[in-house]
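Worksheet: the structure to be examined is printed underneath.
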Amino acid sequence: MKVIIYLMFFSLISSPLQAAECFILKEKGKTLKSEGDICKTRFTPQSTFKIPLSLMAFDSEILKSESAPSFPFKDEYSPTLNVCKGHHNAKTWMRDSCVWFSQELTKKMGLKKFKNYVTSFNYGNMDISGEHPLTHSWLNSSLKISPVEQTEFLEKVINQKFSLRKQSYDHSKTILFNQELSGGWKLYGKTGSGRHQGELQHGWFVGWMEKDNRKLVFAHLIADETPQSSFASFRSKNELVTKLWYVINELEK
């Protein structure tokens with residue numbers, strides 16, 4: 001037993017810190033968890049921006065439902081993932097995290113309407129002034145948001161505080177469903193991977209979990225301090241789901 005404890009201790013002191021981290025969990029405006037030292041630091045939202053963008057697109061009626069319309073992939077696009085080739089609709093866009101589909105939505109929306117939505121949502125620094133604002137402002141560019149601000153935005157989403165068509169909330173919720181967790185809790189959210197300080201990654205997983213009449217919003221962010229080969233967003237989600245298991249275990253007492 002002493003040997004095991006020694007090995008565990010040695011591994012902790014000999015392994016350098018790989019990433020800064022933030023985990024925030026809130027219910028009805030009350031902070032239940034706040035861990036880490038980057039919770040107020042703004043990073044680019046990357047694909048977590050698909051959450052507000054889905055609300056914009058459904059409210060503008062560019063997207064009619066979870067399956068319509070369907071947009072075709074074009075040769076001029078540069079897909080980050082091979083699964084993003086071919087036709088996609090709202091559901092598969094969110095599932096496969098297709099950047100080109102997001103960019104088609106904003107181009108159809110137009111700059112004025114897009115800017116108005118970002119401002120009305122009070123989303124992060126609300127800065128879309130970067131190069132190619134309609135297609136890249138949320139991708140390693142000018143638009144940035146902190147984990148604290150992510151949870152503030154999400155609380156307004158789940159409580160439908162924005163002046164949007166009700167169908168916008170309903171459709172967005174449907175395509176944001178991830179999985180059922182322990183105890184029957186349902187998980188909704190979106191990952192996002194980006195770059196900071198050159199080649200270092202940061203990874204998000206933000207959203208909420210709900211059961212019966214309870215809804216808890218969360219934001220999880222990791223900011224790598226050394227280069228990593230795996231997507232930071234995948235690591236962020238995996239860590240968050242593990243954390244939520246312990247949270248649910250406490251909630252179910």
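Counting charges near SER146 (Lys, Arg +1; Asp, Glu -1) among other residues having Cβ under 10 Å from its Cβ returns a value of +1.
With contacts taken as Cα pairs under 8 Å at a separation of at least 6 residues, the range 18-251 carries a relative contact order of 25 percent.
Residues in the range 216-221 carry Karplus couplings, in order, of 10, 8, 9, 9, 10, 9 Hz; the curve used is 6.51 cos²θ - 1.76 cosθ + 1.60 with θ = phi - 60°, and Gly or Pro positions show x. The stretch between LEU200 and GLN179, if pulled fully straight at 0.36 nm per residue, gains 4.6 nm over its current Cα-Cα span. Using a cut-off of 21 Å between Cα atoms, the listed pairs LYS64/LYS166; LYS144/LYS190; LYS33/LYS91; LYS26/LYS166; LYS30/LYS253; LYS91/LYS115 include LYS33/LYS91; LYS26/LYS166; LYS91/LYS115 as exceeding that distance. Between ARG95 and LYS253, the FRET efficiency from the beta-carbon distance, with R0 = 25 Å, is close to 0.15.
If the chain linking HIS87 and LYS186 were pulled fully straight, counting 0.36 nm for each residue of separation and taking away their Cα-Cα distance, it would gain 32.8 nm.
Of the GluC sites (Glu not before Pro) found in the range 125-202, those that fall in a DSSP loop while having at most 14 other beta-carbon atoms within 10 Å are GLU131, GLU199. Can you give me the Cα centroid spacing of the range 219-239 and the range 145-207 in angstrom? Each part reduced to its Cα centre gives a spacing of 16 Å. If you sort the three axes of the alpha carbon gyration tensor as a ≥ b ≥ c, you get a/c of 1.5 or more for the chain and a/b above b/c, which makes it prolate.
Remark: the LYS40-ASN116 segment gains 24.9 nm on full extension, using 0.36 nm per residue and subtracting the alpha carbon distance. Modelled spin-label separation between LEU32 and SER65, with each label point placed 7 Å from Cα along the Cα-to-Cβ direction: 3.4 nm. With both labels modelled 7 Å from their Cα along Cα-to-Cβ, the TYR246 to SER229 distance reads 2.9 nm. Could you check the spin-label model distance between LYS108 and ASP75? Points 7 Å from the Cα along Cα→Cβ, value in nm. Between LYS108 and ASP75, the label points sit 2.4 nm apart.
Since every read-out is calculated from the coordinates, none of them should be taken as a lab result. Everything numeric here is computed off the predicted structure, so don't read it as measured data. Counting neighbours? That spans all protein chains shown, and the Cβs are built from the backbone with ideal geometry, glycine included.
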